[in-house]
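**Student:** First the structure, which I've put down as structure tokens, then a few questions once you've had a look.
The values are calculated or read from the model by the stated rules, or taken from the named source; none is laboratory data. Bear in mind the structure is a predicted one, so any value in this text is a computation, not a measurement. So basically every Cβ, Gly included, is an ideal-geometry build from the backbone, and we count neighbours across all protein chains shown. Heads up: the accessible areas ignore ligands, DNA and RNA and are worked out on the full protein's heavy atoms, side chains in. Shrake-Rupley method; radii C 1.70, N 1.55, O 1.52, S 1.80 Å.
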Amino acid sequence: MEMSNHIKTALKVETIIDLDTLYDRAFNVLKEAVHNGSKNFGLATGGTMLPLYERIRNSELDFTQCESVNLDEYVGLPKAHPESYISFMKQQLFNEKPFKKSNLPNGEAQDPHEEAARYEALLQKMKLDFQLLGIGENGHIGFNEPGTAFDSETHVVELEESTRIANARFFNSLDEVPTKAITMGISSIMRAEQILLIAVGEKKRTALEALLKGEVTEEIPVTILKKHPNVTVLTDLVI
Ligand code: GLP
């Protein structure tokens, strides 16, 4: 489904070359959301989020009255594996900044499709105030790979080879990188009241360029954000 290039977009793009300043700004966007009463947070994993989670760990922010939902989880990777997203979140955030309740898809579920349905039902009941997003080199958000329908709900995905290669840096070898994941769908992400997208590093240039200059197309999932009313994009890339 292709749409016209000439849509009005409310994207707020802030280009900040210095990464410390960029992540300070990211922290402040989140802090403001907390102070404005956001209670339900959509969280993301990936290297991009590390400096932000570090700032949150070292802050006064308190999430004990808040609930979190994560975007995605690998299928078939034991929860205790250091690269499972549940391990990542515990290590980077939850151990020090616990939420009243934190939800992630269960990558160890016997039937991943049933698990995706359970997660979707949970999301449908929730008003997501704030969604944190990174971006894949191919323009994926969560693990919604190119070609995913914009009206998709939580589902099981076959990871693209390029995504597995990009994420292999966290594993001992490419073979260890799972081939499947459960991801929140694009429609769930779009239901969030406010979105903060962080795109740093040259590897994200093509995807970011597509968002800022290209047309809205399912071939580059991140481009859907052009149609969201409240997205802040923080980047160190001059496009
Ligand atoms: C992963 C995650 C995404 C993340 C992206 C970028 O595959 N599923 O949620 O935004 O890839 O990761 P990184 O920040 O490490 O570049």
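**Student:** To the nearest 500 deg cm²/dmol, what mean residue ellipticity at 222 nm is calculated for the chain from DSSP H runs of n ≥ 4 alone, each contributing -39,500 (n - 2.57), summed and divided by the residues?
**Tutor:** The per-residue figure over the chain is -7500 deg cm²/dmol.
**Student:** So, one more: Is the shape of the chain rounded, prolate or oblate, going by the alpha carbon gyration tensor and its root eigenvalues a ≥ b ≥ c, with a/c under 1.5 for rounded and a/b larger than b/c for prolate?
**Tutor:** Rounded, because the longest to shortest axis ratio a/c is under 1.5.
**Student:** Multiplying the sequence separation of Thr21 and Thr206 by 0.36 nm and subtracting their Cα-Cα distance, what value in nm do you get?
**Tutor:** Between Thr21 and Thr206, full extension yields an extra 64.3 nm.
**Student:** What does the extension gain come out to for Lys100 and Leu50, with contour length at 0.36 nm per residue minus their alpha carbon separation?
**Tutor:** Going from the current span to full extension adds 15.8 nm.
**Student:** Then there's this: From the cross-link list Lys8/Lys204; Lys8/Lys90; Lys31/Lys213; Lys204/Lys227; Lys100/Lys180, which pairs have alpha carbons spaced over 27 Å apart?
**Tutor:** Pairs exceeding the cut-off: Lys8/Lys90; Lys31/Lys213; Lys100/Lys180.
**Student:** Between Ser152 and residues 5 or more places away or on another chain, which pairs have amide H atoms under 5 Å apart, with H built 1.01 Å from N, and which residues are they?
**Tutor:** Those lying under 5 Å, H to H, from Ser152 are Ile186, Ser187.
**Student:** A further question follows. Taking amide hydrogens as modeled 1.01 Å from N in the peptide plane, which residues meet the under 5 Å criterion relative to Asn103, leaving out close sequence neighbours?
**Tutor:** Ser68, Val69, Asn70
**Student:** Express the relative contact order of the chain as a whole percentage, based on alpha carbon pairs under 8 Å and six or more residues apart in sequence.
**Tutor:** Relative contact order comes out at 29 percent.
**Student:** Just read off the accessible area of His228 with the full protein assembly in place, 1.4 Å probe, to the nearest 10 Å².
**Tutor:** Counting only protein heavy atoms, His228 exposes about 10 Å² to solvent.
**Student:** Sticking with this one: If I take R0 = 22 Å and measure r between the Cβ atoms of Asn172 and Lys79 in this structure, what FRET efficiency does the formula 1/(1 + (r/R0)^6) give, to the nearest 0.05?
**Tutor:** Efficiency computed from Cβ-Cβ geometry: 0.75.
**Student:** Heavy atoms only, probe 1.4 Å: what % of the accessible area of region 68-224 goes to carbon and sulfur, would you let me know?
**Tutor:** Here it works out to 49 percent.
**Student:** Please list the helices of the chain that count as membrane-span-like by this rule: a mean Kyte-Doolittle hydropathy of at least 0.0 together with Cα atoms stretching 30 Å or more along the helix axis, each helix being a complete DSSP H run.
**Tutor:** None clear 30 Å together with a mean of 0.0.
**Student:** Now for a different question. What distance in nm separates the simple spin-label points at Ala149 and Glu193, each placed 7 Å from Cα in the Cβ direction?
**Tutor:** Computed distance between label sites Ala149 and Glu193 equals 2.9 nm.
**Student:** Can I ask one more? At 1.4 Å probe size, put Ser188, Ser102 in order of accessible surface, largest to smallest.
**Tutor:** Ser102, Ser188
**Student:** Rounded if a/c is under 1.5, else prolate if a/b beats b/c, else oblate: with a ≥ b ≥ c from the C-alpha gyration tensor eigenvalues square-rooted, which is region 87-209?
**Tutor:** It is rounded, given that a/c, with a ≥ b ≥ c, falls under 1.5.
**Student:** Find the accessible area per residue for region 94-222; the probe is 1.4 Å, ligands and nucleic acids are left out, and the unit is Å².
**Tutor:** 44
**Student:** Still on this model: Just how far, in whole angstrom, is region 163-234 from region 80-108 if you go by their alpha carbon centroids?
**Tutor:** Computed from Cα coordinates, the inter-centre distance equals 20 Å.
**Student:** Right, next: Quick one: Karplus J couplings for region 66-71, per residue in order, coefficients 6.51, -1.76, 1.60, θ = phi - 60°, nearest Hz, x for Gly and Pro?
**Tutor:** Listing the rounded values in order: 10, 10, 10, 10, 8, 5 Hz.
**Student:** Let me know the shape class of region 183-239, please: from the alpha-carbon gyration tensor, a ≥ b ≥ c as square roots of the eigenvalues, rounded when a/c is under 1.5, otherwise prolate if a/b is greater than b/c, or oblate.
**Tutor:** It comes out prolate by the Cα gyration axes.
**Student:** Let me ask you something else. How big is the antiparallel share of DSSP beta bridges in the chain, given as a percent to the nearest 5?
**Tutor:** Rounded to the nearest five, the antiparallel share is 30 percent.
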